[in-house]
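> Handing you this structure, nothing more for now.
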There are 2 protein chains.
Amino acid sequence: MTYSNKEQFYLAVDCVIFGFDNDCLKLLLYKRDFEPEKGKWSLMGGFLRNEETLDEAAHRVLARITGLRDIYLEQLGAFSELNRDPAARVVSIGYFALINIHDYNVNLLKQYGAEWFGINELPALIFDHADIVDKSLRRLKRKAKNQPIGFELLPDHFTITQLRNLYEAIYQSKLDPANFRRKILSMDLLDRLPIKDMNSSRKGSFLYAFNQAKYDRLTAMGFSFDISGL
Amino acid sequence: MTYSNKEQFYLAVDCVIFGFDNDCLKLLLYKRDFEPEKGKWSLMGGFLRNEETLDEAAHRVLARITGLRDIYLEQLGAFSELNRDPAARVVSIGYFALINIHDYNVNLLKQYGAEWFGINELPALIFDHADIVDKSLRRLKRKAKNQPIGFELLPDHFTITQLRNLYEAIYQSKLDPANFRRKILSMDLLDRLPIKDMNSSRKGSFLYAFNQAKYDRLTAMGFSFDISGL
DNA sequence: CCAAAAGTGTTCCAATTACACCCATGC
DNA sequence: GCATGGGTGTAATTGGAACACTTTTGG
């Protein structure tokens, strides 16, 4: 082998899984089921295998705990501090995933001892997983401004108020309801459904759906999503 | 070993090295000096070693070809397609570096057969290095809007026109000289030196220096660099 | 004096902000 | 009827875009 004098490394993926529960941004964590640090709270992770890419490994890991395929998934970067895992030199590739919090397989979650934690109420995490969470939060805040990824965290049908609550949870700040509504609707990315959600108010509020085709068409014409300011 | 049933991988770093030569953004490439693909144009790279982090490996690689330490360096992400390197399964971590193009060690460059190429005149590259270059260009364009990293590509003292030329090279579009000057100076990040550069015009133009301390102070107060629009 | 780049002034327009106000309905 | 969140209207302000104009000095 050409590179046989070079060293080799264990490669892992660790996934930061975001969900949104009406007014609070949450992370899915599980109790690690092998040594070292068995029983401690951890990101969902796994080792890379020879026959797969890193993206495939991350999807495999996500499917194992949530039962979901076709999840929004994005690579964060590599974490390579020498003693991040005390048992061996392991380089980990962080990923962050956005899922609809009501969409997962409850049985799998129970089986793995997984739980949702509010972003401000996280338990202690093993290794450098808190760093990975930090980085993914920063990434989420940045990307949510310039790309319509927030919708990945909502059900297919949602009210403008729910969408605003999501952005308020991500940026931990209040947004003006009137201006937010106008700005979002002015982009013409949402279809208003002929259905009202009657739970949130007497008057009821219309449900909307994100229209990916419209977004793609506008993007091709030079449009770019932007909710900065607000 | 706890993980002894897991597979291991070669890990490499590959560096996209940017420079700016008055009106053109350039990349530093070299002729690969080992098999496979020996003699072909390649990003500067190297294998990760046991005793170093990925960032350290990237700095080591950069110092080898440029002689420079303390370079602006940022991780791009991991590239893990199965056959990206036909000789073996190698996962590569891409980096991008910004250097002052007049600051490198000419002898080292000669020794490695390295050359600067205009960003629009790149030769064919080995493996997936063109993908890594693409990604770093997109990253540079994004980051240069929101962080004052452009200065890494300029000499310590520069004119406003040189700075504008740099942004015009990055975004491949013309900027209004009057508005650009006002916007940059209004941020109050530059110190005007009592020196004029007399080469560019009869009147001469003042030299400026980026003031990192001012930037840090403003940033701490909630300021954020932004040259979007223009 | 003139060319050419540096640098200043000014107008116009569109987007953001802040907040007042109207609407529909279950109780 | 009235409280509540949904939704619309609007005046004031800001900041970007465009471009005319002034400055300086080597030839």
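> Just checking, does region A:177-186 include any residue being outside the structural domain of A:Leu73 (by TED's automatic domain parsing), within 12 Å of DNA strand D (Cβ to nearest atom) and within 30 Å of A:Leu122 (Cα to Cα)?
Taking region A:177-186 and keeping what is outside the structural domain of A:Leu73 (by TED's automatic domain parsing), we get A:177-186.
Narrowing further to those that are within 12 Å of DNA strand D (Cβ to nearest atom): A:177-186.
With the extra rule that they be within 30 Å of A:Leu122 (Cα to Cα), the set shrinks to A:177, A:180.
Among the residues of region A:177-186, at least one is outside the structural domain of A:Leu73 (by TED's automatic domain parsing), within 12 Å of DNA strand D (Cβ to nearest atom) and within 30 Å of A:Leu122 (Cα to Cα), which makes the answer yes.
> Now a separate question. Quick one: count up the residues across region B:36-49 that are touching a Lys or Arg at 6+ places or on another chain (Cβ under 7 Å), more than 12 Å from chain A (Cβ to nearest Cβ) and hydrophobic (A, V, I, L, M, F, W, C).
Residues in region B:36-49 being touching a Lys or Arg at 6+ places or on another chain (Cβ under 7 Å), more than 12 Å from chain A (Cβ to nearest Cβ) and hydrophobic (A, V, I, L, M, F, W, C): 1 in total.
> I would also like to ask the following. Taking the condition outside any loop (DSSP other than H, G, I, E, B), more than 14 Å from chain B (Cβ to nearest Cβ) and within 16 Å of DNA strand D (Cβ to nearest atom), does A:Lys214 pass?
no
> A further question on this structure: Looking at A:Phe158, A:Phe225, which one is away from DNA strand D (no atom under 13 Å from the Cβ) and either within 25 Å of A:Lys141 (Cβ to Cβ) or surrounded by fewer than 14 Cβ atoms within 10 Å (Cβ to Cβ) (or both)?
Sole residue among the options that is away from DNA strand D (no atom under 13 Å from the Cβ) and either within 25 Å of A:Lys141 (Cβ to Cβ) or surrounded by fewer than 14 Cβ atoms within 10 Å (Cβ to Cβ) (or both): A:Phe225.
> Looking at B:Ala144, B:Ala169, B:Ala124, which is the one that is touching a residue at least 24 places away in the same chain (Cβ under 8 Å) and not in a helix (DSSP H, G or I)?
B:Ala124
> Can you tell me which condition A:Ser80 does not meet? The list is (1) of a type outside the set (Asp, Glu); (2) closer than 24 Å to B:Tyr10 by Cα; (3) surrounded by fewer than 21 Cβ atoms within 10 Å (Cβ to Cβ), and all the others hold.
Every condition holds for A:Ser80 apart from (3).
> Yes or no: region A:64-78 includes at least one residue that is under 22 Å from B:Gly94 (Cβ atoms) and either free of Cβ contacts under 8 Å to residues at least 24 places away in the same chain or among the polar types (S, T, N, Q) (or both).
yes
> Of the residues A:Leu163, A:Leu68, A:Leu62, which single one is in a loop (DSSP other than H, G, I, E, B) and surrounded by 15 or more Cβ atoms within 10 Å (Cβ to Cβ)?
After applying the criteria, what remains is A:Leu68.
> Give the residue that is farthest from DNA strand C (Cβ to nearest atom), with candidates limited to residues of region B:199-230 that are of a type in the set (A, V, I, L, M) and more than 19 Å from B:Leu166 (Cα to Cα).
Here the residue is B:Ala213.
> List the number of the failed condition for A:Asp33; all other conditions in (1) free of Cβ contacts under 8 Å to residues at least 40 places away in the same chain; (2) more than 7 Å from chain B (Cβ to nearest Cβ); (3) over 18 Å from the mean Cα position of the chain (by Cα) hold.
With (1) free of Cβ contacts under 8 Å to residues at least 40 places away in the same chain; (2) more than 7 Å from chain B (Cβ to nearest Cβ); (3) over 18 Å from the mean Cα position of the chain (by Cα) applied to A:Asp33, the lone miss is (1).
> Can you confirm whether region A:77-89 contains a residue that is part of a strand (DSSP E or B), closer than 18 Å to B:Gln75 by Cβ and touching a His at 6+ places or on another chain (Cβ under 7 Å)?
No, region A:77-89 has no match at all.
> Another question, then. Output the qualifying pairs, or none if there are none: Cβ atoms under 9 angstrom, residues six or more apart or on different chains, first residue in region B:194-214 and closer than 14 Å to B:Asp156 by Cα and of a type in the set (D, E, K, R), second residue more than 10 Å from DNA strand C (Cβ to nearest atom) and open to solvent by less than 80 Å² (accessible area, probe 1.4 Å).
Sorted first by the residue in region B:194-214, then by its partner, the pairs are B:Asp197/B:Phe158.
> Among the residues in region B:80-98, are any at pLDDT below 95 and either under 16 Å from the mean Cα position of the chain (by Cα) or on the phi > 0 side of the Ramachandran plot (or both)?
Checked region B:80-98: no residue is at pLDDT below 95 and either under 16 Å from the mean Cα position of the chain (by Cα) or on the phi > 0 side of the Ramachandran plot (or both).
> Considering each residue of region B:166-190, count those that are open to solvent by 10 Å² or more (accessible area, probe 1.4 Å) and either of a type in the set (Asp, Glu) or near DNA strand C (Cβ under 10 Å from one of its atoms) (or both), and give that number.
Residues meeting the conditions: 9.
> Consider B:Tyr3 carefully, then state whether it is touching a strand residue (DSSP E or B) at 6+ places or on another chain (Cβ under 8 Å), at the interface with chain A (Cβ under 9 Å from one of its Cβ atoms), hydroxyl-bearing (Ser, Thr, Tyr) and surrounded by fewer than 22 Cβ atoms within 10 Å (Cβ to Cβ).
yes
The values are calculated or read from the model by the stated rules, or taken from the named source; none is laboratory data. Predicted, not measured: the structure shown is a model, and the values here were computed from it. In this analysis, Cβ positions are derived from the backbone assuming ideal geometry, glycine residues included, and neighbour counts consider all displayed protein chains. In case anyone asks, the SASA skips ligands and DNA or RNA and just uses the protein heavy atoms, side chains included. Shrake-Rupley method; radii C 1.70, N 1.55, O 1.52, S 1.80 Å.
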